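Chemist: I have a structure I would like to understand better, so I am pasting it below and will then ask my questions one at a time.
The values are calculated or read from the model by the stated rules, or taken from the named source; none is laboratory data. Remember, it's a predicted structure, so these values are computed and weren't measured experimentally. Here the Cβ positions follow ideal geometry from the backbone for every residue, glycine too, while neighbour counts run over all protein chains shown.
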Amino acid sequence: MSIAVQFHQVSRHYDSVRAVDDISLEIAEGEFFSMLGPSGSGKTTSLRLIAGFEQPTSGSIRIFGQEAAGLPPNLRAVNTVFQDYALFPHMNVLDNVAYGLMLKGVPKSERHRRAEEMLELVKLGQYGSRRPSALSGGQRQRVALARALTLQPRVLLLDEPLGALDLKLREQMQTELKSLQRQLGITFVFVTHDQGEAMSMSDRVAVFNKGRIEQVAAPQVLYNQPATAFVADFVGAANVFDGPLAATLAGLEQPFAVRPERIRPAGQLDGDVVRVPGKLLDIQYLGAVSRYEVEVLGEKVVSMVLPNEHDTQAAPAVIGSAITLAWQRQAMLPLAG
Amino acid sequence: MMTASLPVTPAAPALGLWQRLGVALYRRPGLQLGLLLGLPLLWFLVVYIGSLATLLAQSFFTFDDFTMEVSRELTLANYRQLLQPANFDVVLRTLLMASAVSLASAVLAFPLAYYMVRYARGWKKGFFYVAVMLPMWASYIVKVYAWTVLLAKDGMVYWAYQHLGLGGVMDWLMTLPLLGGNSLTTSHLGRFAVFTYIWLPFMILPVQAALERVPANLLQASSDLGANGAQTFRHVILPLAFPGVVAGSIFTFSLTLGDYIIPQIIGPSGLFIGSMVYTMQGSIGNMPLAAAFTVVPVVIIALYLTGARKLGAFDAL
């Protein structure tokens, strides 16, 4: 498989701020690749570097082998779905979708036919004559998607496209986006701050932090073998133990993480387990599970997540009471110092 | 467990006079709106709409050429008079000048406003705002007279032309029928330059406000879909900022249509609508004809706006 997008030691600095700091990565053709990170981590800047809205301060960006640094956006074979859709308010939906074809000089009937096809693809066939302002957020999102796909880009860039949608709609769009990507077979580069979204859709995820990449891996690897404390904490929830705490609890030099769902009340586990006494601070009922906040060694608050159906009886329900936590030794995820 | 308690606020505190007044207004939104709008609305109805209606009525009154008196007999004679060649020339001359000034203002204002919105940051932005507004703080009459000095035969503009070796070009320009004259001060070109100078800020500000409302990501979306700078300008920026150009051109257009000072001081002889109104109501006392002349710009602007609307200039609003 060929490489769709390649970053080689790319940096983007604004005065003293290093928005993107010496990043190298490769995105394979046909891959669903997510850039995940908190706001200000450099993920959106990286996407904009691929689109051409930003120029790198240093380094090289190749799109299908061609050097892209210095090329304006209109000369790149990538298209973007914008965070707030960026639909042209003075055009109807059909003309929005046909915009790229119009610029290429495709005759009106032909470009409208192809735009109609794209609207069918995103299930908005009836909406061509409407103004974007007459559509709901989810529909605008689909128009933006159709518009970006009309030019049949080899790489589609998506900048937090689902951020403004409500939860149900977002989940539905995640499924549709993923199946659309499989159907079209083009490379998706997807920027999000929502780890659940990145995990559920992506072939691989790059976790960004402070302008750098902490780890690039498949979702399962990110979750089960996080390279750093940041990844462990950002991808799923994690209890990170470092320094003297790691030494006291497990006799380790190295920091480690334990997922909340791997922790149990001490009575439920046997074998090679680590046990920690603590005090129950709070219980949060979350439906299928409950989260228990437990203070251990008088300083660290540890989260434990228990399924509700069979463990409500076993767990102490009195806030402020003593509780001993335990986890299997193999549940500890070693992190880079 | 905690035993300390927070002080409890009584459910219904005793209200003071002002608070009770506030509650009364809160419960009657209509009264609130009435108090807010009453005075300005009255002012608007009487002073703006009222005077406009009076003007319209005046234009149908009869003026007696012999007694020089106005009677309330309704007639269309004033409007017929507008169509007489001498008067129609005045309308046409004013209209041409107003169109040329509006067009030139738009062409000059657009890049400047674009720079102010998209590129100028920090002190530069402030500088440009002040620089655009500053000439409006100075007296209009002073500025116009200053231009007579600048445009005079031995003035700065001629001096600059001579030193650039363009004296011949200037002489040739002055021989052209629609532009020329004895010198810049008495030419249509000079008058056009002064009009454009005076009204330019009225174009820059609305265009700048319109451009300010064009989200930057639309420009990025356009270029992302393959547009070069010119295509983005034509298909995105211009349509979205066009209401601003229309708003600005209403200012430049109507201000030129109504002006009677610049045509008196700069340019060749020949009256403008403004100077015609001034003469008619002042020395002659023919109020009805003056009113009829005044209705002309109102009608022209109304037609212009209707046309602009039909062309979709306000679709983006």
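Chemist: Out of (1) within 12 Å of chain A (Cβ to nearest Cβ); (2) among the aliphatic types (A, V, I, L, M); (3) over 30 Å from A:ALA98 (Cα atoms), what's the single condition that is false for B:MET136?
Modeler: Condition not satisfied by B:MET136: (1).
Chemist: Something else about it: Is one or more of the residues making up the range A:74-83 without any contact (Cβ under 8 Å) to a residue 40 or more places away in the chain, within 16 Å of B:ASN228 (Cβ to Cβ), within 8 Å of chain B (Cβ to nearest Cβ) and surrounded by fewer than 16 Cβ atoms within 10 Å (Cβ to Cβ)?
Modeler: No.
Chemist: Given the structure, is B:ALA247 free of Cβ contacts under 8 Å to residues at least 40 places away in the same chain and of a type in the set (Gly, Ala, Ser)? So that I can check it myself, show each step before the final result.
Modeler: Numbers: free of Cβ contacts under 8 Å to residues at least 40 places away in the same chain: no; of a type in the set (Gly, Ala, Ser): yes.
No.
Chemist: So which residues in the range A:155-168 are in contact with a Ser or Thr (Cβ under 9 Å, 6 or more places away or on another chain) and either among the acidic types (Asp, Glu) or in a helix (DSSP H, G or I) (or both)? Even if it seems obvious, please write down each step before you answer.
Modeler: We begin by selecting, within the range A:155-168, every residue in contact with a Ser or Thr (Cβ under 9 Å, 6 or more places away or on another chain); these are A:155-163.
Matches in the range A:155-168: A:ASP159, A:GLU160.
Chemist: When you look at A:ALA134, is it within 14 Å of chain B (Cβ to nearest Cβ), touching a helix residue (DSSP H, G or I) at 6+ places or on another chain (Cβ under 8 Å) and over 24 Å from A:HIS13 (Cα atoms), yes or no?
Modeler: Numbers: within 14 Å of chain B (Cβ to nearest Cβ): yes; touching a helix residue (DSSP H, G or I) at 6+ places or on another chain (Cβ under 8 Å): no; over 24 Å from A:HIS13 (Cα atoms): yes.
No; evaluated as a whole, the condition is false for this residue.
Chemist: Right, here's the next one. Output yes when any residue across the range A:188-211 is over 30 Å from A:ASN79 (Cβ atoms) and assigned to a strand (DSSP E or B), and no when none is.
Modeler: no
Chemist: Which condition number does A:GLY59 fail, the rest of (1) under 30 Å from A:GLN183 (Cβ atoms); (2) out of contact with any Lys or Arg (no Cβ under 8 Å at 6 or more places or on another chain) being met?
Modeler: All conditions pass for A:GLY59, except number (1).
Chemist: If you go through the range A:13-51 one residue at a time, how many are within 15 Å of the chain's Cα centre (by Cα) and of a type in the set (Lys, Arg)?
Modeler: Going through the range A:13-51 one residue at a time, the tally reaches 1.
Chemist: What number of residues in the range A:29-53 are within 14 Å of chain B (Cβ to nearest Cβ) and assigned to a loop (DSSP other than H, G, I, E, B)?
Modeler: To start, the set of residues in the range A:29-53 that are within 14 Å of chain B (Cβ to nearest Cβ) comprises A:44-45, A:47-53.
Restricting the remaining residues to those that are assigned to a loop (DSSP other than H, G, I, E, B) gives A:52-53.
Number of matching residues: 2.
Chemist: What single numbered condition from (1) surrounded by fewer than 19 Cβ atoms within 10 Å (Cβ to Cβ); (2) more than 14 Å from every other protein chain (Cβ to nearest Cβ); (3) at pLDDT 90 or above fails to hold for B:ALA193?
Modeler: So B:ALA193 meets the others, but not (1).
Chemist: I've got another one for you. In the range B:144-156, which residues are surrounded by 12 or more Cβ atoms within 10 Å (Cβ to Cβ), part of a helix (DSSP H, G or I) and not β-branched (Val, Ile, Thr)?
Modeler: Once the filter is applied, which keeps residues that are surrounded by 12 or more Cβ atoms within 10 Å (Cβ to Cβ), part of a helix (DSSP H, G or I) and not β-branched (Val, Ile, Thr), the range B:144-156 yields B:TYR145, B:ALA146, B:TRP147, B:LEU150, B:LEU151.
Chemist: Still on this structure, please answer the following. Within the range B:46-143, which helices (runs of 4 or more DSSP H) (wholly inside it) include 3 or more residues that are buried (at least 17 other Cβ atoms within 10 Å of the Cβ)? Can you show your working first?
Modeler: Values: elements: B:51-58, B:77-82, B:85-118, B:123-137.
Those helices (runs of 4 or more DSSP H) span B:77-82, B:85-118.
Chemist: Inside the range B:250-296, can you point out the residues that are in contact (Cβ under 8 Å) with a residue 12 or more places away in the chain and part of a loop (DSSP other than H, G, I, E, B)?
Modeler: Kept after step one, since they are in contact (Cβ under 8 Å) with a residue 12 or more places away in the chain, are these residues of the range B:250-296: B:250-263, B:265-268, B:270-278, B:280, B:284-296.
Matches in the range B:250-296: B:ASP259, B:TYR260, B:ILE261, B:ILE266, B:GLY267, B:PRO268, B:GLY270, B:LEU271, B:PHE272, B:GLY285, B:ASN286.
Chemist: Quick one: in the range A:99-125, which of the residues that are facing chain B (nearest Cβ under 10 Å) and out of contact with any Phe, Trp or Tyr (no Cβ under 8 Å at 6 or more places or on another chain) is nearest to A:ALA164 (Cα to Cα)? Give the steps one after another, and end with the answer.
Modeler: Residues of the range A:99-125 that are facing chain B (nearest Cβ under 10 Å), as a first pass: A:99-104.
Retained after the next criterion (residues that are out of contact with any Phe, Trp or Tyr (no Cβ under 8 Å at 6 or more places or on another chain)): A:100-104.
Numbers: A:GLY100: 25, A:LEU101: 28, A:MET102: 29, A:LEU103: 29, A:LYS104: 31 Å.
Step by step, filter the range A:99-125, then rank; the result is A:GLY100.
Chemist: When the residues of the range B:216-246 are narrowed to those that are more than 7 Å from chain A (Cβ to nearest Cβ) and surrounded by fewer than 18 Cβ atoms within 10 Å (Cβ to Cβ), which ends up farthest from A:GLN152 (Cα to Cα)? Reasoning before the result, please.
Modeler: Filtering the range B:216-246 for residues more than 7 Å from chain A (Cβ to nearest Cβ) gives B:216, B:219, B:222, B:229-230, B:232-235, B:237-238, B:241-246.
Going one step further and asking which of them are surrounded by fewer than 18 Cβ atoms within 10 Å (Cβ to Cβ), we end up with B:216, B:229-230, B:233-234, B:238.
Numbers: B:ALA216: 24, B:GLY229: 22, B:ALA230: 23, B:PHE233: 24, B:ARG234: 24, B:LEU238: 28 Å.
Here the residue is B:LEU238.
Chemist: Can we say B:SER71 is of a type in the set (S, T, N, Q) and under 22 Å from B:GLY258 (Cα atoms)?
Modeler: Working: of a type in the set (S, T, N, Q): yes; under 22 Å from B:GLY258 (Cα atoms): no.
It is false that B:SER71 is of a type in the set (S, T, N, Q) and under 22 Å from B:GLY258 (Cα atoms).
Chemist: Something else about it: Could you check the range A:54-154 for helices (runs of 4 or more DSSP H) lying wholly inside it with 2 or more residues that are aromatic (Phe, Trp, Tyr), farther than 28 Å from A:SER2 by Cα and in the same structural domain as A:GLU176 (by TED's automatic domain parsing)? Break it down stepwise before answering.
Modeler: Values: elements: A:93-103, A:108-121, A:137-149.
Because the criterion is at least 2 residues that are aromatic (Phe, Trp, Tyr), farther than 28 Å from A:SER2 by Cα and in the same structural domain as A:GLU176 (by TED's automatic domain parsing), no helices (runs of 4 or more DSSP H) in the range A:54-154 meet it.
Chemist: Using the structure shown, decide if B:LEU205 is more than 14 Å from chain A (Cβ to nearest Cβ) and buried (at least 23 other Cβ atoms within 10 Å of the Cβ). Lay out the reasoning, then the answer.
Modeler: On the way: more than 14 Å from chain A (Cβ to nearest Cβ): yes; buried (at least 23 other Cβ atoms within 10 Å of the Cβ): no.
Answer is no for this residue.
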